[in-house]
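One structure below.
The values are calculated or read from the model by the stated rules, or taken from the named source; none is laboratory data. Since the model is a prediction, treat every value here as computed from it, not as a measurement. Note: ideal-geometry Cβ built from the backbone for every residue, glycine included; neighbour counts use all protein chains shown.
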Amino acid sequence: MATFTLAKLISDWELINTALQPHLTDMPYLKDKVTDLQGLITEAKDMDIKQQDLRGSLQETVRQRQALEKRGKDLHLQLSAMLRGSLGFDNQTLLGFGVKPRRPRKKKAPADSQQQQSAK
C-alpha cells in the first residue's frame, strides 16, 4: 500500500490544476471543479504551514518539559540528601517525605557456622 504525504498530494493537485487551465475554454463544465481544487490547494498549503508551526511549538514544549524534569530531579535529590544528612540514613521518618531510608544490614553468620551447616 502506497503512502501519500500531503506534499505529494498537493503536488499532484497543482499538476492537474495547471494542466487543466488551458483547456477550460474547451471544457467549461470543469470550471467549478477546478475552482474548488484551487481553493483546496490553498487550504492544504495553509494547513501544512500550520502543522509545521505546531510541530516546532511541540518540540520547544518538549524541550522545556525535559529541562523542567531535570531541575525537579536535581532538587529532589538535593532535598533527599539534606534530609538524610539531618535525620540519618536509616531514620524511618524519611518515609514521610517519600525518601527511602537505608535498610539495616543483615549480619552474616560466621564462616565456621556456615561450614558446619553445609556439612550436615
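So the values come out like this:
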quantity: Residue count, the range 52-73 (criterion: under 18 Å from Thr5 (Cβ atoms) and over 16 Å from the mean Cα position of the chain (by Cα)); calculated: 2
quantity: Flag if Thr5 is under 24 Å from the mean Cα position of the chain (by Cα), loosely packed, with under 10 Cβ neighbours inside 10 Å and without any contact (Cβ under 8 Å) to a residue 12 or more places away in the chain; calculated: yes
quantity: Hey, Asp32 outside any helix (DSSP H, G or I) and exposed (fewer than 10 other Cβ atoms within 10 Å of the Cβ) or not; calculated: no
quantity: Restricting the range 8-23 to residues that are closer than 10 Å to Ile41 by Cα and touching a residue at least 12 places away in the same chain (Cβ under 8 Å), the residue that is surrounded by the most Cβ atoms within 10 Å (Cβ to Cβ); calculated: Ile10
quantity: Total residues in the range 8-51, condition among the charged types (D, E, K, R) and under 36 Å from the mean Cα position of the chain (by Cα); calculated: 8
quantity: Residue list for the range 1-26, filter: touching a Leu at 6+ places or on another chain (Cβ under 8 Å) and not in a helix (DSSP H, G or I); calculated: Leu24
quantity: Filter result for the condition that a residue is modelled with pLDDT under 95 and among the hydrophobic types (A, V, I, L, M, F, W, C), over Leu75, Leu83, Leu68, Leu58; calculated: Leu83
quantity: Single condition Lys8 does not satisfy, out of (1) at pLDDT 95 or above; (2) charged (D, E, K, R); (3) more than 29 Å from Lys100 (Cα to Cα); calculated: (1)
